[in-house]
Every structure is written in structure tokens, then in C-alpha cells.
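Written out below as C-alpha cells is the structure these notes cover.
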Amino acid sequence: MVEQQAIDSGVGPAPTTVERKSDLELVVTRVFNAPRAAVFKAWSDPALFRRWWVPEGAGMSLVNCDMDVRTGGKYCLEFGTGGSETMAFYGKYLEVVPGSRIVWTNDEGEQGAVTTVTFEDQGGKTLVTFHERYESKEALEEALGGSAAALPQQMDQLEKLLTA
């Protein structure tokens, strides 16, 4: 069964759509009022990425953001809540097509997903499709209750960055 939810934040020209495609797949889409090159850069430049990836008010910050965005490159995103303990998310880039596509692994656990983000020109705007495929139904359920729930807010923050 496909579950779909459009979340209209009022910030961008179009809502963020979150759709459960199957027991293993999640797809999030959003049209940004910015050229494809600018949107791709916001996903691939660590200085820009760290400005929008962490949801505001989440009580955490991105204390380390290492991203070698190229096919075969690696990334490590380390989050902190103000104390000495941090949580790291890391993996490798399986495919990077500048301006068009980024595919990476999420290697921090046994149930890691493979994430594919595509960037499609829509007459000066950009359709971003964020697709995650999980190893199990349980891993998808966990993501839906955690990190995936923040994606609409993250997309709103990206829209703000792109229009600033």
C-alpha cells in the first residue's frame, strides 16, 4: 500500500511530498525555485550543506561535516547536542553525476539504506527526488519515526537558503 503525504509549509512554491512506495522504499519530492546547478551545489558543498541539513529547533548541531562528493568518495556527518557525546552517520558515494544525481550508502548500522537524490530542471526550477531503499520493513519504519520525519523541514530550510 502506498502512503502519501503532502506537507505544505507555506515557505516554498510547492509542498514537500513524502511517499512510502513499498515496505522498503521512501520517496520525498520537492520543486525548488532555483536553478539545478545551485540546488546540486547545496547538496554537494559541505559549507552549504551544513547550513540547511539539521532541522532548526532539533536541539542538535552538525559538529563535523566531511563530504568528498565524488564517485568512490566518503562522507561523515557528526551530530552533537552540546555535550561531549556525538553521533556519526557515514558512508560512501556510489555514484555522483554533477548537476544530476548523487547516490550514497548509509553504513552506520546493519540496516543502512541506499539514498539516491536526483535533480531535474523544470524551466529554471528544480525537481529534487530523494529516494531511500532500506534493507528491511523494520528499518524503514524506524526511519519514518525518526530522521525521515524531519525531511520536510529540511527541504523548507533548503528553500530558504536557495532564495536568500
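What follows is calculated from the coordinates using simple rules that are stated; it is not laboratory data. These figures come from a predicted structure and were not determined experimentally. As a convention, Cβ positions derive from the backbone with ideal geometry for all residues, glycine included, and neighbour counts pool all protein chains shown.
Could you compute the net charge surrounding A150? Neighbours are other residues with a C-beta less than 14 Å from the C-beta of A150; K and R count +1, D and E count -1.
-3
Taking a temperature of 25 °C and a viscosity of 0.890 mPa s, what whole-number D in µm²/s does Stokes-Einstein yield for the chain with Rh from Kirkwood over alpha carbon pairs?
Rounded, D is 152 µm²/s.
Please report how far the C-alpha centroid of segment 30-62 lies from that of segment 105-164, rounded to the nearest whole angstrom.
Going from one Cα centre to the other spans 11 Å.
Looking at segment 41-94, which GluC sites (Glu not before Pro) are DSSP coil and have at most 13 other C-beta atoms within 10 Å of their C-beta?
Answer in residue order: E56, E85.
So how much slack lies between R50 and L144, counting 0.36 nm per residue of separation and subtracting their Cα-Cα distance, in nm?
Contour length minus Cα-Cα distance gives 31.6 nm.
For Y90 and L62, compute 0.36 nm times the residue count separating them, minus their Cα-Cα distance, and round to one decimal in nm.
Stretched out fully, the Y90 to L62 stretch lengthens by 8.8 nm.
Among K125/K160; K74/K125; K41/K92; K21/K160, which pairs are too far apart, with a Cα-Cα distance over 22 Å?
Pairs exceeding 22 Å: K74/K125; K21/K160.
In whole percent, what relative contact order does segment 9-164 give with Cα contacts below 8 Å and a gap of six or more residues?
Rounded, it is 27 percent for segment 9-164.
Find, among the trypsin sites (Lys or Arg not before Pro) in segment 69-164, those assigned to loop by DSSP (not H, G, I, E, B) with at most 15 other beta-carbon atoms within 10 angstrom.
R70
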